């Protein structure tokens, strides 16, 4: 009854509001009934506030008019109806394998008071929502008895699903589906070791490397392996953001002990992108204690980051040093053969025939990371599907024309010189000059090595491009930079940052 | 009450002019439209990135998707960053409770740390929940100037497609289609006349259509060149 009324109300709103406003603020609302009340669920606090400020009066008016002065009680809150609609069911199925913890909400009152102290203030800059937050929450009250009086609808605020998540492993990320190559061999071997002997010497296992190189995949692979070996194992995978959000919620709900218990009860804790803890001191503090408890209990931890533990800025020293207590392994960008193997495997999984020629063609052009490779392959597959054409190198060239244009443009020698010069705060002419002081010579060598790695130019061509130097100079530079990377973490990081800047 | 009825009256005469697939003229973008429509039926890659120049129809396309999702019983949201970028990125929280999220003009927040981080987390949550995400921008992911590498690599992870602008002939066809969808008869001659004298962006053409629609209703006259001239004071 109320839902039919809401449908009618929606029709009017759609007519009255500019369609953009309707699509942005009204469409995401989900209607539900609670007893005789009409409940509108907003996806987040922000939408809730906005709707409440801008549209609630009109909604109330419409409901009143459309129900001949007998409007249902209206509740606006944050949340989502747990209906098992087809797409949701399909999406939910693969992500809850047996043995994964599904944490239920701790007991809590239905209507939660807004926290007085702003725990979320960790996320520094004041947001609009904080500025416009109501001074005090109000429970629903309306006067259905007096139809002629102006409709009064106050709002309730509910903190959604505290500490509840399906911290799920992706069943597709296993050791079997991981393509091994020189660049990730060590990381894979270490992960395998940890999977077979969790809580042993390699605790924590710290995987670091650039974006899209397979850190998350390996992490899930360990988790899946553990669950496969012991279906009762409690393996919790989550992104670092989730840890922070959970902690903030726990503090708001006065449930920090539940929080601690939850995180310390697992057999293995896998936290992705730990660098996002940077600057969040309270979270680091909490994580520090969790870390110690797990280590002491012999529970396995796997952490990933985009950089070497010591290089994470905004992270407490005692945490950084603990990250290095177990085993720290790097994953590097895949080399050509691995990229080809990855493409072939992905195509197989998508049941698409990808010839060796086609795979090499894509792999030669796209060198940066696995996500770029996957994106390119998906694009080719989608185009081939909708155009009904086979995947040939000509077809790929056409399909990825724009993408290749970007890649080609980025790996020109002049672009490398500009980027390197900027990185080391010197001038491009310095790189091309005869000067041999170290502040210029080292960047020059790095730039040459990058040119060799990222372009198809030969040693003599690169030498020419660097102020007419001999090809042996370039050869020497490439060797030297390789050597330096092995023994000097600073150079290694410089090189990686530059590589990333030039290819992403 | 009288006001209410009066506004009702005018609304029931004019047809609603929402951005839908029905009034989107495909031009050279037929395959892309097919791919996006298939998303609502649960087919294809669940993250799509569409880029094109101004006036290529990105906003129209994203809103059309929301429309279609609604018809299929899916919950969606359309987030035009040209309006929302001044607000807080907190707006992106909890969107994984919806089935489809459309973010328009991503380029407007590229380089802004808080937005980039919020988008990164939003992306992860949507992906983990298996929901559909469609992003539009004025350039390919690599050219967007995104500073957070984690976000940048994710933007390149889906299917990236270019949206092509219409040429003049296609614009005339699009203009006529849009008029027809509103219940207005527009001849080639009149459409061409308007196109040649207007700023030629589709957005402005469609705005003009609104004015003409209203005027022709009021005057009970067809859209002829003299009538257009008179109405638009050309």
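The values are calculated or read from the model by the stated rules, or taken from the named source; none is laboratory data. In this text the structure is predicted, and so the values were computed from the model without any measurement. Here Cβ is always computed from backbone atoms with ideal geometry, including for glycine, and neighbour counts include all displayed protein chains.
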Inset, instruction - Answer yes or no as to whether residue B:60 is part of a helix (DSSP H, G or I) and within 9 Å of chain A (Cβ to nearest Cβ). - result: no
Legend entry - Subset of the stretch B:73-87 that is modelled with pLDDT under 95 and assigned to a helix (DSSP H, G or I) - its residue that is surrounded by the fewest Cβ atoms within 10 Å (Cβ to Cβ): B:82
Legend entry - Residue check for residue B:168: surrounded by fewer than 16 Cβ atoms within 10 Å (Cβ to Cβ), at pLDDT 90 or above and under 19 Å from residue B:25 (Cα atoms): no
Legend entry - Failed criterion for residue A:494 (all others in (1) under 30 Å from residue A:350 (Cβ atoms); (2) touching a residue at least 60 places away in the same chain (Cβ under 8 Å) hold): (1)
Legend entry - Qualifying residue in the stretch A:488-495 (condition: assigned to a helix (DSSP H, G or I), modelled with pLDDT of 90 or more, over 39 Å from the mean Cα position of the chain (by Cα) and surrounded by 17 or more Cβ atoms within 10 Å (Cβ to Cβ)): no
Inset, instruction - Could you run through the stretch A:34-52 and say how many residues are outside any helix (DSSP H, G or I) and in contact with a strand residue (DSSP E or B) (Cβ under 8 Å, 6 or more places away or on another chain)? - result: 9
Inset, instruction - Out of the residues in the stretch B:164-181 that are part of a helix (DSSP H, G or I) and within 14 Å of chain A (Cβ to nearest Cβ), state the one that is farthest from residue A:501 (Cα to Cα). - result: B:181
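Within the stretch A:227-346, considering only helices (runs of 4 or more DSSP H) that don't extend past its boundaries, which have at least 1 residues that are within 30 Å of residue A:377 (Cα to Cα)? Before you say what the answer is, go through the steps one by one.
Values: elements: A:240-252, A:256-264, A:281-296, A:317-323.
Because the criterion is at least 1 residues that are within 30 Å of residue A:377 (Cα to Cα), the helices (runs of 4 or more DSSP H) in the stretch A:227-346 that meet it are A:240-252.
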Inset, instruction - Have a look at A:371, A:351, A:436 and point out the one that is assigned to a loop (DSSP other than H, G, I, E, B) and under 29 Å from the mean Cα position of the chain (by Cα). - result: A:351
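Do we find that residue A:2 is over 35 Å from the mean Cα position of the chain (by Cα) and either at pLDDT 95 or above or more than 17 Å from residue B:76 (Cα to Cα) (or both) in this structure?
Values: over 35 Å from the mean Cα position of the chain (by Cα): yes; either at pLDDT 95 or above or more than 17 Å from residue B:76 (Cα to Cα) (or both): yes.
So residue A:2 passes the test.
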Inset, instruction - Would you check which residues across the stretch A:358-376 are within 16 Å of residue A:401 (Cβ to Cβ), touching a residue at least 40 places away in the same chain (Cβ under 8 Å) and at the interface with chain B (Cβ under 9 Å from one of its Cβ atoms) and list them? - result: A:372
Legend entry - the stretch B:182-205, subset buried (at least 17 other Cβ atoms within 10 Å of the Cβ) and in contact (Cβ under 8 Å) with a residue 60 or more places away in the chain, residue farthest from the other protein chains (Cβ to nearest Cβ): B:202
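Among the listed residues B:136, B:152, identify the single one that is assigned by TED's automatic domain parsing to the domain that holds residue B:41, outside any helix (DSSP H, G or I) and under 21 Å from residue B:82 (Cα atoms). Quick ask: steps written out before the conclusion?
Values: B:152 fails: outside any helix (DSSP H, G or I).
Just a single option satisfies the conditions, and that option is B:136.
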Inset, instruction - Kindly list the number of the only condition in (1) at the interface with chain A (Cβ under 9 Å from one of its Cβ atoms); (2) under 26 Å from residue B:178 (Cβ atoms) that fails for residue B:75. - result: (2)
Legend entry - Within the stretch A:15-36, tally of residues that are farther than 19 Å from residue A:2 by Cβ and more than 7 Å from chain B (Cβ to nearest Cβ): 6
Legend entry - Residue pairs meeting the criteria (Cβ under 8 Å; at least 6 apart or on separate chains; first more than 24 Å from residue B:32 (Cα to Cα), in the stretch B:115-139; second part of a strand (DSSP E or B) and modelled with pLDDT under 95): B:121/A:239; B:124/A:239
Inset, instruction - Could you look through the stretch B:123-163, keep only residues that are within 26 Å of residue A:386 (Cα to Cα) and away from chain A (no Cβ under 11 Å), and pick out the one that is surrounded by the fewest Cβ atoms within 10 Å (Cβ to Cβ)? - result: B:138
Inset, instruction - Scan the stretch B:86-98 for residues that are in contact with a helix residue (DSSP H, G or I) (Cβ under 6 Å, 6 or more places away or on another chain) and farther than 14 Å from residue B:135 by Cβ and jot them down. - result: B:87, B:88, B:89, B:90, B:91, B:96
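Going by what's in this entry, would residue A:291 be described as buried (at least 21 other Cβ atoms within 10 Å of the Cβ) and within 26 Å of residue A:313 (Cβ to Cβ)? Steps first, answer last, please.
Details: buried (at least 21 other Cβ atoms within 10 Å of the Cβ): yes; within 26 Å of residue A:313 (Cβ to Cβ): yes.
Against the criterion (buried (at least 21 other Cβ atoms within 10 Å of the Cβ) and within 26 Å of residue A:313 (Cβ to Cβ)), residue A:291 qualifies.
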Legend entry - Test: residue in the stretch A:431-454 that is touching a helix residue (DSSP H, G or I) at 6+ places or on another chain (Cβ under 8 Å), at pLDDT 90 or above and surrounded by fewer than 16 Cβ atoms within 10 Å (Cβ to Cβ): yes
Inset, instruction - Might you let me know whether the stretch B:84-98 holds any residue that is under 30 Å from residue B:170 (Cα atoms) and in the same structural domain as residue B:158 (by TED's automatic domain parsing)? - result: no
Inset, instruction - Can you tell me which residue within the stretch A:377-402, out of those that are within 19 Å of residue A:342 (Cα to Cα) and facing another protein chain (nearest Cβ under 8 Å), is surrounded by the fewest Cβ atoms within 10 Å (Cβ to Cβ)? - result: A:378
